[in-house]
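The values are calculated or read from the model by the stated rules, or taken from the named source; none is laboratory data. Being a predicted model, the structure only gives us computed values, none of them experimental. As a convention, Cβ positions derive from the backbone with ideal geometry for all residues, glycine included, and neighbour counts pool all protein chains shown. Quick note on the areas: whole protein, heavy atoms, side chains included, nothing else; ligands and nucleic acids left out. Shrake-Rupley method; radii C 1.70, N 1.55, O 1.52, S 1.80 Å.
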Amino acid sequence: MPPPTWTSTALARLRTANPYAVDAALAALVLFAASLQWMFPDEGDDQLTWQGWLLAAATALPLVWRRRAPFVCACAVSVATPAMAVYHAPPPDVEYAGLVVLFTMASQAPPWQRRAMLVGWVTGGILVMQHKENALPFEYAFHLTSLGCAYGLGVLTRVQRAYTAAVEDRARRLERERAADTARALAQERARIARDMHDILAHAVSLMVVQAEAGPVVVRSDPERAEAAFDAIAGAGRDAMRQLRLILGVLKEEEAEKRNRNGNGRHLPQPGIASLPTLIQQVRDSTALRTELLTTGTPRPLHPDTEVAAYRVVQEALTNTVKHAYAASAQVELDWGEDELKLTVTDDGRGPEQDAHGGGHGLIGIRERAAACGGSATAGPGPGGGFRVVVHLPTAADRQTAPG
């Protein structure tokens, strides 16, 4: 980036300076320009009087209040300038104060005020030139062009100020929208982490409770079965800890770098469709629930989020079966279609005690997971008794057009 020039530095300091000090300096400059006729009287033939200088001062002094009261300042200058021209000792050679007030009105005043002031000054300038003795045609053009240029510069300043304000307002809106998007993303991530933790802990604890209740019953009569129960408890606990480390690692970037990244710098994958047989086998080995997995159709690629959602849905549905259904068997069906995966979990138990349309936190989490992936979920009594959870998830090809 090139270093700032002295002009840009001076303009920046002028913008941040005290406006009253700037206006007072501008009024002094206009008064100095109007007093040049008295400072160099031999260069002109106009009569010079101290009354004429007072009228010239009256055109400059109101400029001190040009930003605090622009219309009042413009009216005062508009009265003093014709008075100086009529007094004619001397007449105004250049309407310095008029140029300043036209610029100020064009850049700050409401439309009707700036238009009225422009018409008034153009008309007044023509009348003043007619009142002046021996006025040449080029003097008309010079005065009118000067007034028009001052007004045009004021219009450009107003437009630039409005454009800058619009850009700054847009930047503020974008910043607010970015902050809102970040907050929504954080809320969604927290909700996802909460759902994953609920599914992992509920599943692991349910299996551990079932095995812990069965262990004391068979510890004396069937030591091998008791040992297998305790092994299942330990395995469920280790699996839950492993998955919790994967999930909780995203909460801290440093922990994610240390725990959740392999040698290629990529996050370790979460369980998906390929992990369902392992989950089914774990439930079958850890409980008395006879569980089977059926697959129909041709498997199709799923979005990574949908992969995780499908696994968690089956995990939560089987957890509800183990905890609430008192079922003897459960069946997980994967029906692959052209645009979606239909996932059905059915048991022969009594179903959860909560209303199927309201459901507990588990059923709510299943619906939220399906909706987050652009799918849908329903739960209720099965056609032959028991309880059934049906989830429709879009495939990767249909993810772009899926609702939600």
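Numbers for the structure displayed
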quantity	calculated
GLU292-VAL94 pseudo-label distance in nm [points 7 Å out on the Cα-to-Cβ vector]	10.2
Inter-probe distance in nm under a simple model that places probes 7 Å from Cα toward Cβ, at ALA328 and ALA371	3.8
Segment ALA187-GLU227, length gained on full extension (0.36 nm per residue, minus Cα span)	10.1 nm
Where region 40-125 is the region considered: accessible area per residue in Å², 1.4 Å probe	49
Extended-chain gain in nm, criterion 0.36 nm per residue less alpha-carbon gap, ASP339 and LEU174	55.8 nm
Region 75-170 - convex hull of alpha carbons, volume per residue in Å³	82
Kirkwood Rh, Cα atoms: Rg over Rh of region 281-329	1.04
Computed E for GLN51/ALA141 - FRET, C-beta separation, R0 41 angstrom, nearest 0.05	0.85
Gain in span if fully extended, THR378 to MET39, counting 0.36 nm per residue against the direct Cα distance	112.5 nm
Solvent-accessible surface (1.4 angstrom probe) belonging to VAL72, in square angstrom, nearest 10	100
ALA396/VAL159 FRET efficiency (R0 56 Å; Cβ-Cβ; nearest 0.05)	0.65
